[in-house]
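Heads up: the structure comes next, in structure tokens.
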Amino acid sequence: MNAAPLESDPELDRLIEGHLDGMLDEDDEHRLGRLVAESAGVAERLARAILVHDRLIDLLRSERGNSASVSPVVPRSRLLRLALPLGLAVGIVVGGLLLLRPAPANASAALERLVRASTAATDRQYAIRVVDHGPGGVPDPVPSEAGGRKPGVDGATLFVRGADKFVFVRTFADGTVFVNGCDGEIGWSVPPTGHVHLSEDRRRFRRGIPGERDDLPFLSLAEGLAGLCRGYALSLVEAPEAGGRLRLEAVRTDSRHRGPARATIDFPAGDDAAAERIELGGLAPDGSGPDGVVLELVERAPLPADFFDHAHHHDASRPIDWE
Amino acid sequence: MDQRLRQVTREWTLAQPAVAAFLTSVVRDFRERDDLLQEVAVAVLESYDRYDESRPFVPWAIGIARHRVGTWLRSRRRARVCFDSAAVEQLAAAFAAIPAGDYRRLDRLAECLALLEHKARELCELRYRDDLKPAAIAPLVGMTANTVAKALQRVRDRLRECIEQEPGLA
């Protein structure tokens, strides 16, 4: 291996591929390093080889991540490590619009309180608005169930109880509603007519809802909030326009997490940290759905005990399909 | 949401594949690469007010990554490190010079991966999903480490050819 390999030399291929798989001995590694340092052409060849290698890492590791269950536990150390620099960064970016509170413990403690509050048994009702329809523009209203399409999320209502019970109501243009939800154990879907669908897979009927294909589903607020600790930079700020409430800003820093690019959560400064307004941005930049959605807390009042059971939302005579 | 915040997140989203690949070229351990990527993202956000918008974003972000890698290399002085600062400089320049279209082409990789036959797919999963080196993969698949390494090289060659094809031909 005395001769320096040409850029198309099989010996260079061996060095590059060996580098990708950690198969080179120390001498070969230094040799490759020297070749890279001396030749822009070799550097480009290595760079291009690494593009595929790097994307394979992301693709296949994200498959492993997607198959893992989502835990609501917040890794505190990660948040502590990120909160201070990102608090500073966001403060710079927003140019003084927000008053920075760069205490790392504040951001981590705030997120923990938000997750805790979202898992509390208190019933909450959120109104959902689409604030950015994305490249696809405003979609046509879905007139009725007849066409097989489901209504959009603009104007939908989300009811939540605790960490894992929800009811999500979307309305067709003819006034009929499509309801899906979860009672904590069973996922269910109730169209205006026909069969009611049940599944032990609690996520089964969430498909097609913005954020659901991502790591930050907003139908389960506890899950979504806890998800902010993965691949997001967090900062806690005080927003004058939020009426003295605190604001948690989350900016996605890792594209392997397919959640929204940005999230802003307003919540009261006191002990009750229930999220009052959640704005998710960059949900679907590819135009596959709305890109920006706001959830606003409109009601905190006890709902009927069986409100999160499917039977509450349909006539007892409706046929049931288990899936 | 603040316009500038939108802008930096949009720019970072587009630049991240290049920055991540650059870091992967220098940092062999996947987890260390993840940590460095996170640090670079923070530094990019912190420094965004110093970014000259008349210049391309990707080389600027890679420049920040290069500085972080320099610090990382110094902290690993006694460890076995493959590239010195001159090689890192050269690699940073190489990644910055790759056209954006070449990064976009990588979006076809998932489609190409789906076309692999079972054995090739299994090797990819063991190498990339489970982060195993060829020597560790070998006993799992009944091959020698060298054969695994050669097989992985062939798989990557096929994947590179596949993403070069026109969409739909893969």
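The values are calculated or read from the model by the stated rules, or taken from the named source; none is laboratory data. Note that the coordinates shown come from a computational prediction; the quantities given were computed from them, not determined experimentally. Cβ coordinates were reconstructed from backbone atoms using ideal geometry, including for glycine residues, and neighbour counts include every protein chain displayed.
Pairing each residue of segment A:21-50 that is within 23 Å of B:C124 (Cβ to Cβ) and more than 8 Å from chain B (Cβ to nearest Cβ) with any residue that is assigned to a helix (DSSP H, G or I) and among the charged types (D, E, K, R), provided the two are 6+ apart or on different chains, yields no C-beta distance under 8 Å. Yes or no: B:L123 modelled with pLDDT of 85 or more and more than 9 Å from every other protein chain (Cβ to nearest Cβ)? Judged against the criteria, B:L123 is a match.
Which residue, of B:L169, B:L116, B:L132, is outside any helix (DSSP H, G or I), surrounded by fewer than 19 Cβ atoms within 10 Å (Cβ to Cβ) and modelled with pLDDT of 90 or more? Result of the check over B:L169, B:L116, B:L132: B:L116. Within segment B:1-30, the residues that satisfy the criterion of being within 16 Å of A:G281 (Cβ to Cβ) and of a type in the set (D, E) are B:D2, B:E11. When B:G70 is tested against (1) more than 9 Å from chain A (Cβ to nearest Cβ); (2) touching a helix residue (DSSP H, G or I) at 6+ places or on another chain (Cβ under 6 Å); (3) free of Cβ contacts under 8 Å to residues at least 40 places away in the same chain, exactly one condition is not met: (2). For B:V26, state whether it is more than 17 Å from the chain's Cα centre (by Cα) and either under 22 Å from A:A49 (Cα atoms) or within 9 Å of chain A (Cβ to nearest Cβ) (or both). For B:V26, the condition - more than 17 Å from the chain's Cα centre (by Cα) and either under 22 Å from A:A49 (Cα atoms) or within 9 Å of chain A (Cβ to nearest Cβ) (or both) - is not met. Any idea which residue in segment B:1-13 is surrounded by the most Cβ atoms within 10 Å (Cβ to Cβ), counting only those that are closer than 25 Å to A:R48 by Cβ and in contact with a helix residue (DSSP H, G or I) (Cβ under 7 Å, 6 or more places away or on another chain)? Across segment B:1-13, the extreme among qualifying residues is B:W12. Take segment B:134-144 and flag every residue that is within 9 Å of chain A (Cβ to nearest Cβ) and more than 12 Å from B:L123 (Cβ to Cβ). Within segment B:134-144, just B:A135 meets the criteria. Of the residues in segment B:34-46, at least one is among the small types (G, A, S) and at the interface with chain A (Cβ under 9 Å from one of its Cβ atoms).
Only one entry of B:E39, B:E46, B:E53 meets the criterion of being within 30 Å of A:R247 (Cβ to Cβ) and not in a helix (DSSP H, G or I), and that entry is B:E53.
For B:D29, the criteria (1) exposed (fewer than 14 other Cβ atoms within 10 Å of the Cβ); (2) modelled with pLDDT of 90 or more hold in every case but one, which is (2).
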